[in-house]
Each structure stands twice: as C-alpha cells, then as structure tokens.
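The values are calculated or read from the model by the stated rules, or taken from the named source; none is laboratory data. Keep in mind the model is a prediction, meaning the values are calculated, not measured. Reconstructed Cβ throughout: ideal geometry from the backbone, glycine too, with neighbour counts over all protein chains shown. Please note that ligands, DNA and RNA were not included when accessible areas were found on the heavy atoms of the full protein model with its side chains. Shrake-Rupley method; radii C 1.70, N 1.55, O 1.52, S 1.80 Å.
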Amino acid sequence: KMRTVDHGKRGKHIQVEARISGTGANADSVLQAAPGSETAIALAVLKEVASHSSHLTDAAKATVAALTGSASMASAASASGLSDSQLKHLVDDLGHAKHAVVLPAESLNLGKNAVAHHTAVLLLNKALGGIGKHFNYSAAKPIQHVPSHKGITDLIADLNTGSVEVLVIKDTNP
C-alpha cells in the first residue's frame with residue numbers, strides 16, 4: 001500500500017542498516033550505518049523529532065528527556081559513520097511525512113541496547129502521531145493469554161521428546 005500512488009504521491013522508504021538487506025535493496029534510499037550504532041541513531045532522531053512534536057504528553061516528554069539525555073545528532077553521526085546532514089535529512093523526512101512509521105532494528109544486532117532501542121522507536125512513533133493511528137496496542141492480548149517462559153520451555157521439551165506430532169504456527173514472519 002505504501003508504494004501505491006495516491007494523488008500523485010507515494011510512500012517513501014528509508015532504510016538505516018549496517019549491511020544491505022533484501023528490504024534495504026528495495027528502499028528508496030539506504031543509510032548504511034556502522035554496526036551497533038542503531039540505538040545512538042534512534043535516540044538522536046527521537047530527541048530531534050520529539051522537540052517539535054505535538055503528539056507527546058508532558059509525561060511522555062519527560063520520558064523522552066530521560067531516555068535521550070546525552071544523545072545528539074553529532075554523537076549519532078560519529079557512532080554511525082553517517083553525516084550530520086544525512087541524519088538531519090532523515091529527521092526532516094520523518095517530520096514532514098503524513099504517515100511516518102519507524103520500525104526497530106533487528107533485535108539480535110542490538111545486544112544490551114535492545115530495550116533502549118525499542119523504547120526509543122516506540123516513543124518516536126508516538127512523537128510522529130502513529131500510536132492509535134498506525135499502531136493499536138489496545139488490541140494486544142490480555143496478559144493471561146500471553147505464553148509464559150515456562151510454557152515455552154515446556155513446549156520445547158515436548159518437541160524434543162517427540163510428544164508433539166504436529167505444530168501449527170499461524171500469522172508469523174519467520
């Protein structure tokens with residue numbers, strides 16, 4: 001749907017990643033950042049976007065300030081190998097988009113920064129006005145329907161012993 005032309009315009013896909021993936025190869029532009037710099041970029045972009053956002057409550061602004069404390073475009077540029085102007089252009093593109101959506105980096109690449117990165121991306125989508133518009137967290141499963149760690153480990157044990165004959169996994173992306 002993003003690539004569909006509507007009133008002479010279509011969505012723009014900007015990929016920020018360390019190596020060109022299949023998804024990145026199909027992007028309108030790719031910002032090839034140094035591995036491990038994804039969180040520094042997310043925090044700096046969040047700090048910039050949030051400073052101009054009308055979609056954040058005072059509590060959300062305080063959370064952004066605490067999370068992004070020393071983050072800056074200069075430090076993100078230094079960590080990522082991207083130029084300050086490339087990062088500022090990314091912020092401008094996000095700020096001017098009618099329907100901006102930011103997706104997190106692959107969790108395996110984030111290491112100890114995974115929680116900060118995912119929190120920054122969630123807050124960035126909130127600052128861009130996407131929460132409730134593109135993301136509906138109220139549709140999440142009630143906690144009693146979310147599998148527990150023990151439930152998952154029990155399933156793995158059952159799979160390993162051969163006591164599960166068929167396993168159907170629905171609506172997933174491998």
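Quick notes
- Output for the range 68-101, where each listed residue is touching a residue at least 40 places away in the same chain (Cβ under 8 Å) and within 16 Å of ALA127 (Cα to Cα): THR68, LEU90, VAL91, ASP93, LEU94, GLY95, ALA97, HIS99
- Candidate set: the range 52-65, residues that are without any contact (Cβ under 8 Å) to a residue 60 or more places away in the chain and not polar (S, T, N, Q); chosen: the one most open to solvent (accessible area, probe 1.4 Å): HIS52
- Taken over the range 88-108, the residue count meeting the criterion of being in a helix (DSSP H, G or I) and more than 15 Å from VAL30 (Cβ to Cβ) is 8.
- Residue count, the range 19-51 (criterion: over 22 Å from THR63 (Cβ atoms), touching a Gly at 6+ places or on another chain (Cβ under 9 Å) and buried (at least 19 other Cβ atoms within 10 Å of the Cβ)): 2
- Residue tally, condition among the small types (Gly, Ala, Ser), over 21 Å from ASP93 (Cβ atoms) and assigned to a loop (DSSP other than H, G, I, E, B), over the range 115-174: 5
- Within the range 98-114, restricting attention to residues that are over 17 Å from SER37 (Cβ atoms) and open to solvent by 50 Å² or more (accessible area, probe 1.4 Å), the residue that is farthest from the chain's Cα centre (by Cα) is LYS98.
- Helices (runs of 4 or more DSSP H) completely within the range 1-87 that count 1 or more residues being closer than 20 Å to LEU103 by Cβ and out of contact with any helix residue (DSSP H, G or I) (no Cβ under 9 Å at 6 or more places or on another chain): 22-25
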